[in-house]
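Here is the structure we will look at, set down as structure tokens.
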Amino acid sequence: MVVFPNAKINLGLQILRERKDGYHDIASCFVPVPYCDVLEIIESKKFGFTASGVSIPGKPKENLCVRAYHLLQKDFGLPPSSMYLHKLVPVGAGLGGGSADASFALKCLNELFELYLEDSLLEDYAAQLGSDCPFFIRNQAVMAYGTGNEFEEISLDLSGKHIVLVLPPLSVSTAEAYAGVVPTAASTDLKQIIEQPPGAAWKDLIRNDFEASVFKKYPLLADIKQRLYQAGAFYASMSGSGAAVYGLFDTPPLLGSLPDNYLIRSFEL
């Protein structure tokens, strides 16, 4: 069985407060985008995991897809499986690629072995793998609160809009991004802003709190954001805590020159 774990962007990201458990409460809108990895899972004589494409840090046995398999195997006695992941979404880009792989593995195993687990239960398993993971179970635009694991429906229509993702050859870890951020109480209702028709007003009203410190350390990311606005984006931002910068456009954009070693992907939403 083959599935295509897709990335997401953060439309706004407010770091509201540090929690007693060391994590942070946030407010953000998670939006799925059609930039995908490829994951194949088949029943096999013995368990195995292989990967190709973008290099994945860490040992294969620690991969989130492997951990997803063992979570379900422990509770449901799954037969051995062979898992193959072709990685296209860069690591450390703030696009949730690893979280998507984990959640799609759960969904794939659920269907492949006819476990008939409801989405709410799959979300519980996904939460054991990472804060972003539950989002990819239902995989639709939501407001995210808490550590990014508490969801609220939102009315958002970006259909027909175009997104450009620009990924320079660097990675920004979540720990690195949080080290430079100062939690700030929200001065605006992010959900209320996003539920208005998308347009130029977003530029002044929607913020990503990681940008202030990350842009100081990596000014090329600020440069990318400015270039996207110059190309006609009605909104541009760093996505999450990572190195990807995206622009939203009403029509297919004509981008100016960017370095050859930047990865650029464009999609209609």
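The values are calculated or read from the model by the stated rules, or taken from the named source; none is laboratory data. Source: prediction; values computed, not measured. With ideal geometry, Cβ positions are generated from the backbone for all residues, glycine too; neighbour counts draw on all protein chains shown. In case anyone asks, the SASA skips ligands and DNA or RNA and just uses the protein heavy atoms, side chains included. Shrake-Rupley method; radii C 1.70, N 1.55, O 1.52, S 1.80 Å.
For the reader, a short list of remarks on this structure follows.
- No other residue among Ser159, Ser213, Ser239, Ser266 is polar (S, T, N, Q), open to solvent by less than 20 Å² (accessible area, probe 1.4 Å) and under 21 Å from the mean Cα position of the chain (by Cα) apart from Ser239.
- Residue selected from region 99-131 under the condition within 25 Å of Leu167 (Cα to Cα) and surrounded by fewer than 23 Cβ atoms within 10 Å (Cβ to Cβ), by the criterion modelled with the lowest pLDDT: Ser131
- Screening Leu170 on (1) exposed (fewer than 15 other Cβ atoms within 10 Å of the Cβ); (2) within 21 Å of Asn10 (Cβ to Cβ); (3) in contact with a Pro (Cβ under 9 Å, 6 or more places away or on another chain) shows it passes everything except condition (3).
Table: residues versus (1) within 19 Å of Ala175 (Cα to Cα); (2) charged (D, E, K, R).
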{"site": "Ile193", "(1), (2)": "no, no"}
{"site": "Gly199", "(1), (2)": "no, no"}
{"site": "Leu205", "(1), (2)": "no, no"}
{"site": "Pro219", "(1), (2)": "yes, no"}
{"site": "Ile224", "(1), (2)": "no, no"}
{"site": "Arg227", "(1), (2)": "no, yes"}
{"site": "Gln230", "(1), (2)": "no, no"}
{"site": "Ala236", "(1), (2)": "no, no"}
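- Note on region 69-88: among residues that are under 22 Å from Ser131 (Cα atoms) and in contact with a strand residue (DSSP E or B) (Cβ under 9 Å, 6 or more places away or on another chain), the one that is surrounded by the fewest Cβ atoms within 10 Å (Cβ to Cβ) is Gln73.
- Screening Val182 against (1) in a loop (DSSP other than H, G, I, E, B); (2) over 18 Å from the mean Cα position of the chain (by Cα); (3) within 28 Å of Leu88 (Cβ to Cβ) leaves a single unmet condition, (3).
- For region 82-92, the criterion of being over 20 Å from Tyr35 (Cβ atoms) and touching a helix residue (DSSP H, G or I) at 6+ places or on another chain (Cβ under 6 Å) is met by at least one residue.
- Residue that is least open to solvent (accessible area, probe 1.4 Å), among those in region 245-263 that are of a type in the set (Gly, Ala, Ser) and at pLDDT below 95: Gly256
- For region 173-187, residues that are free of Cβ contacts under 8 Å to residues at least 12 places away in the same chain and either in contact with a Pro (Cβ under 7 Å, 6 or more places away or on another chain) or closer than 19 Å to Lys8 by Cα (or both) total 0.
- Complete set of residues in region 147-156 that are open to solvent by less than 30 Å² (accessible area, probe 1.4 Å) and of a type outside the set (Val, Ile, Thr): Gly148
- Residue within region 161-173 that is over 17 Å from Pro32 (Cβ atoms), of a type in the set (Val, Ile, Thr) and at pLDDT below 95 present: yes
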